[in-house]
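As structure tokens, the structure follows; a few thoughts come after it.
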Amino acid sequence: MPETRLEIKVFGDPILRKKAKPVKKVTAGDREILSLMAQSMYEGGGIGLAAPQVGISSQLIVADIGQGLYKLVNPVIVKSQGRQAIQEGCLSVPGVCIKVKRAKQVWVEALDENGNPLKLEAKDLLACVLQHEIDHLKGKLIIDYATLMEKLRIKRRLSILKAGNKTCKLKL
Ligand code: ZN
């Protein structure tokens, strides 16, 4: 059986900055992508993943904060309230941690993996994860929330990520 693995795209890859396309009709192909995304998320030790992070410009996200797996198509935040600020990391920006101010509670409308409309009310960590993943669909990353001091702190790390392995072929 051929094994398909999705590669996590890292900061510097232009797809992370592109707006993801809405899914017109949820197909078996989309369901396959959502399953593979969930697999990559678990393998990477993440609690959320968006399709652009695996090189696919579609509005698909997965999330699991330990209370069950969510697979959402075309997710939209229709209402939000309250404030929270959590230290966030991102599988696409490894080694970087940013405190991001977000809504404490969100109401999300989406389609499930069978194309049926779905409404979701989330708060605290799950609300944070959903906002983070929906940001990915807009081409937005946690570093966009960094303060000037944080930007200075992570500047070198980002330049290394952006350069990829091109600058250092010899790994010792
Ligand atoms: Zn992320």
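The values are calculated or read from the model by the stated rules, or taken from the named source; none is laboratory data. Since this is a predicted model, take the numbers as computed values, not measurements. Note: ideal-geometry Cβ built from the backbone for every residue, glycine included; neighbour counts use all protein chains shown.
Quickly run through region 93-148 and pick out the residues that are of a type in the set (Gly, Ala, Ser) and closer than 19 Å to Leu161 by Cβ. Please lay out each step first, then the result.
So the first thing to find is which residues in region 93-148 are of a type in the set (Gly, Ala, Ser), and the list is 95, 103, 110, 115, 122, 127, 139, 146.
Passing the criteria: Gly95, Gly139, Ala146.
Could you list all residues from region 10-31 that are in a helix (DSSP H, G or I) and without any contact (Cβ under 8 Å) to a residue 24 or more places away in the chain?
If the condition is that a residue be in a helix (DSSP H, G or I) and without any contact (Cβ under 8 Å) to a residue 24 or more places away in the chain, then Pro14, Ala28, Gly29 are the ones that fit.
What pairs come up if the first residue lies in region 78-99 and is closer than 18 Å to Leu126 by Cα, the second is aromatic (Phe, Trp, Tyr) and more than 8 Å from the ligand (Cβ to nearest atom), and their beta carbons are under 6 Å apart, counting only those six or more places apart or on different chains?
Every condition considered, the pairs that remain are Val78/Trp107; Lys79/Trp107; Ile98/Tyr145.
Within region 74-98, track down each residue that is in a strand (DSSP E or B) and more than 13 Å from the chain's Cα centre (by Cα).
Listed by number, the residues that qualify are Asn74, Val76, Ile77, Val78, Lys79, Ser80, Gln81, Gln84, Ala85, Ile86, Gln87, Ile98.
Answer yes if at least one residue in region 101-115 is within 16 Å of the ligand (Cβ to nearest atom), under 19 Å from Ile15 (Cα atoms) and over 11 Å from the mean Cα position of the chain (by Cα), and no otherwise.
no
What are the residues in region 99-111 that are assigned to a strand (DSSP E or B) and farther than 25 Å from Lys18 by Cβ, if any?
Lys99, Gln105, Trp107
Residues that are farther than 26 Å from Tyr145 by Cα, at pLDDT 95 or above and either of a type in the set (Ser, Thr, Tyr) or surrounded by 13 or more Cβ atoms within 10 Å (Cβ to Cβ) (or both): does region 13-25 have at least one?
Kept after step one, since they are farther than 26 Å from Tyr145 by Cα, are these residues of region 13-25: 23-25.
Pick out the ones that are also at pLDDT 95 or above and you get 23-25.
Next cut, either of a type in the set (Ser, Thr, Tyr) or surrounded by 13 or more Cβ atoms within 10 Å (Cβ to Cβ) (or both) only: 23.
So far as region 13-25 goes, yes, one or more of its residues are farther than 26 Å from Tyr145 by Cα, at pLDDT 95 or above and either of a type in the set (Ser, Thr, Tyr) or surrounded by 13 or more Cβ atoms within 10 Å (Cβ to Cβ) (or both).
Residue-by-condition table, conditions (1) modelled with pLDDT of 95 or more; (2) assigned to a loop (DSSP other than H, G, I, E, B); (3) surrounded by 15 or more Cβ atoms within 10 Å (Cβ to Cβ):
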residue: Glu113; (1), (2), (3): yes, yes, yes
residue: Gln131; (1), (2), (3): yes, no, yes
residue: Glu150; (1), (2), (3): no, no, yes
residue: Arg153; (1), (2), (3): no, no, no
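Across region 61-75, what is the number of residues that are more than 13 Å from the ligand (Cβ to nearest atom) and in contact with a strand residue (DSSP E or B) (Cβ under 6 Å, 6 or more places away or on another chain)?
6
Looking at region 76-100, which of its residues are small (Gly, Ala, Ser) and away from the ligand (no atom under 16 Å from the Cβ)?
Once the filter is applied, which keeps residues that are small (Gly, Ala, Ser) and away from the ligand (no atom under 16 Å from the Cβ), region 76-100 yields Ser80, Gly82, Ala85.
State which residue is surrounded by the most Cβ atoms within 10 Å (Cβ to Cβ) when the search covers only region 41-59 and only residues that are part of a strand (DSSP E or B) and within 14 Å of the ligand (Cβ to nearest atom).
Filtering region 41-59 for residues that are part of a strand (DSSP E or B) and within 14 Å of the ligand (Cβ to nearest atom), the one surrounded by the most Cβ atoms within 10 Å (Cβ to Cβ) comes out as Leu49.
Would you mind telling me which numbered condition in (1) of a type in the set (Asp, Glu); (2) away from the ligand (no atom under 16 Å from the Cβ); (3) assigned to a loop (DSSP other than H, G, I, E, B) Glu7 fails?
(2)
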